[in-house]
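Take a look at the structure below.
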Amino acid sequence: MSNVNPVRLIAEKRDGHALAPSAIEALIDAYTAGDVPDYQMSAFLMAAFLNGLSDGEATALTDAMLHSGTVLDLSGLPGTKVDKHSTGGVGDKVSLILAPIVAACGVPVPMISGRGLGHTGGTLDKLESIPGFQTDRSIDAYKAQLEDIGLVLIGQTDDIAPADGKLYALRDVTATVESIPLIAASIMSKKLAEGIDALVLDVKCGRGAFMKTDAEARRLAETLVAIGTEHDVPTVALMTDMSVPLGRAVGNWPEVEESIECLHGEHADTALMQVVTALAGEMLALGGATDSPAAGRERAQQAIDDGSALETLRALVEAQDGDVGAIDDPTSRADRDSVATVTAPDDAEGYVADLDALAVGHAAVDLGAGRRTKEDDVDPTAGLSALKKPGDSVHPGDVLARIHTADPDQVAPVQQAVQDAYAFSAEPPASPTPLLGRYTAEGWGP
């Protein structure tokens, strides 16, 4: 039994005081050991959310979570190990496309991912929508697979940053997600525990992101890069737009299907693939496969064109006990079909002007693609597909989206919510760039 007094620490944080690093370490250790219950940690998280954490507190929280379990040593494995992390978005299936591309180009990718948070999807939930796919792997298996195929995507284990695993699930259902110090500590404790040599971050900005404003996203990028630099891990952050869903599918299996299409070379000029190739360029440059991010982008496209990226995805699925047949023919799933559509209203003549990512994210959760409570099961095939996006032409009655769900009671309200998320115009809207900025230890650049 721990000697920490959580009530005292909660009260101090509630009243706006900064906690000593030793106090934060003791609280995290006690929570990880099960000596502090969820209801007290929820109170602490809300106090931290409302009153903020100082830079010293955020660093102490990161270190406490990092050292709550094993910090892996991958130095015995060949290559420069590079990972990527996204701060969360709607339709953000980037990792499913990006990781096989980078591994196919010879840069090992050890990726420990999370589940959905709030209205945003999680890579683990997407992977587990592949029939049979196992995200629970021992550290020995993690290392062996990384050496064998250059790619491994797992969830957190009892050994790797276990404090973050518990806190991540708790933040999801206590409305304490959108906090820069909590986000930074969660991301970096997990990533630094992986044993990586370098890290690329996709910091989302906009109404569908946790960071709604440019200033918030920039502050988060700077915080993350500073933590990486402090731990001698070269870190690059790209700031990308998350005002509109990324891609045309939102949900777990719907996003897997779209990812497979992208690895077949489809959707090449979309915002989704612009983000994928930009991140791939950074990873390949950090991993020493190319001499610049620009050359890395070209190399990434080659891996798609020659089929090696898709083959690497197949190897990943096979190595983690997934059904490779579902990758070869995604339409073979009997439960994948849509059950209803969202149609354009009578005044929708011209073009899609806008699509609210936040509203779409909430709609996907309502369909069963996310969680309202920590104990909720996720419907692997729930979500939306065939979304019309800004710039698409539209006429009354056109299909704006297809609905996938096993819950018929949600169809009508989601139809209305998704239709309301659209705006239309007589003229096509401007095409904004999905890439908003790049930040390294040297500062902001193009």
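Since every read-out is calculated from the coordinates, none of them should be taken as a lab result. Not measured: the values here are computed from a predicted model. Please note: Cβ atoms are built from the backbone with ideal geometry, for glycine as well, and neighbour counts cover all protein chains shown.
Once the Cβ-Cβ distance of Thr440 and Asp409 is raised to the sixth power relative to R0 = 56 Å, the FRET efficiency obtained is 0.70. Its relative contact order, with pairs defined as Cα atoms under 8 Å and 6+ residues apart, puts the stretch 6-52 at 53 percent.
The H on the amide N of Gly322, modeled in the peptide plane, is under 5 Å from the matching H of Gln134, each at least 5 residues off or on a different chain. Contact order for the chain, expressed relative to its length and based on alpha carbon pairs under 8 Å spaced 6+ residues apart, stands at 19 percent. The HN-Hα couplings worked out from phi for the stretch 131-139 by the Karplus form 6.51 cos²θ - 1.76 cosθ + 1.60 (θ = phi - 60°) are x, x, 5, 10, 9, 9, 9, 6, 4 Hz, whole numbers, x standing for Gly and Pro.
Projecting the Cα atoms of Gly89, Pro413, Gln301 onto the charge dipole of the chain, computed from C-beta unit charges around the Cα centre, puts Gly89 farthest toward the positive end.
Measuring nothing but how far apart in sequence close Cα pairs (under 8 Å, 6+ apart) lie, relative to its length, the stretch 336-425 scores a relative contact order of 49 percent. Stretching the chain fully between Val324 and Gln419 yields a gain of 30.7 nm (0.36 nm per residue, less the alpha carbon separation).
Dipole size of the stretch 336-425 about its Cα centre, with +1 on Lys/Arg Cβ and -1 on Asp/Glu Cβ: approximately 280 debye, rounded to the nearest 20. Remark: the stretch 45-53, residue by residue, has Karplus-estimated 3J(HN,Hα) of 4, 5, 5, 5, 4, 6, 9, x, 10 Hz, where x stands for each Gly or Pro and the curve is 6.51 cos²θ - 1.76 cosθ + 1.60 at θ = phi - 60°. Between 0 and 90 degrees, the angle of helix 55-66 with respect to the longest Cα principal axis of the chain falls at about 90 degrees. Mean-square fluctuations from a GNM of the chain, with a 10 angstrom spring cutoff on Cα atoms, peak among Ala364, Ala421, Ala64 at Ala421. Pairs spanning more than 23 Å between alpha-carbon atoms, out of Lys126/Lys190; Lys212/Lys389; Lys81/Lys166; Lys126/Lys166: Lys81/Lys166. Between the amide H of Ser243 and those of Arg207, Gly208, distances stay under 5 Å, these residues lying 5 or more places away or on another chain, with hydrogens modeled in the peptide plane.
Relative to the longest principal axis of the Cα atoms of the chain, the long axis of helix 162-172 makes an angle of roughly 50 degrees.
Dividing the summed helix terms, -39500 (n - 2.57) for each DSSP H run of n ≥ 4, by the number of residues in the chain produces a 222 nm estimate of -13000 deg cm²/dmol to the nearest 500.
Taking trypsin sites (Lys or Arg not before Pro) across the stretch 257-343, none is in a DSSP loop with at most 12 further Cβ atoms lying within 10 angstrom of its Cβ.
Between Ala18, Ala280, Ala300, the GNM of the chain built on Cα springs shorter than 10 angstrom shows Ala18 fluctuating the most.
Residues in the stretch 305-320 carry Karplus couplings, in order, of 4, 8, x, 5, 5, 5, 5, 5, 4, 4, 5, 4, 4, 5, 5, 10 Hz; the curve used is 6.51 cos²θ - 1.76 cosθ + 1.60 with θ = phi - 60°, and Gly or Pro positions show x.
Amide H contacts of Ser86: Asp202, each under 5 Å away and 5 or more positions distant or on a separate chain (H built 1.01 Å from N in the peptide plane; Pro and chain starts excluded). Given their separation in residues at 0.36 nm each and the Cα-Cα distance between them, Ala334 and Asp305 gain 7.5 nm when the chain is fully extended. Positive end of the dipole of the chain (Cβ unit charges, origin at the Cα centre): among Ala441, Gly150, Ser332, the Cα lying farthest that way belongs to Ala441.
When the inverse distances between all different Cα atoms of the chain are averaged and flipped, the Kirkwood radius reads 22.1 angstrom.
Taking the chain as a Gaussian network of alpha-carbon nodes connected by springs under 10 Å, the highest mean-square fluctuation of the residues Val71, Val225, Val360 belongs to Val71. Round to the nearest 10 and give me the degree value, 0 to 90, for the angle of helix 21-33's Cα axis relative to the longest principal axis of the chain. Roughly 70 degrees between the two axes. When GluC sites (Glu not before Pro) are flagged only if DSSP places them in a loop and at most 13 other Cβ atoms lie within 10 Å, the longest unflagged stretch of the chain comes out as 1-265.
Most simply put, the chain has about 60% antiparallel DSSP beta bridges, counting only bridges with both residues inside it.
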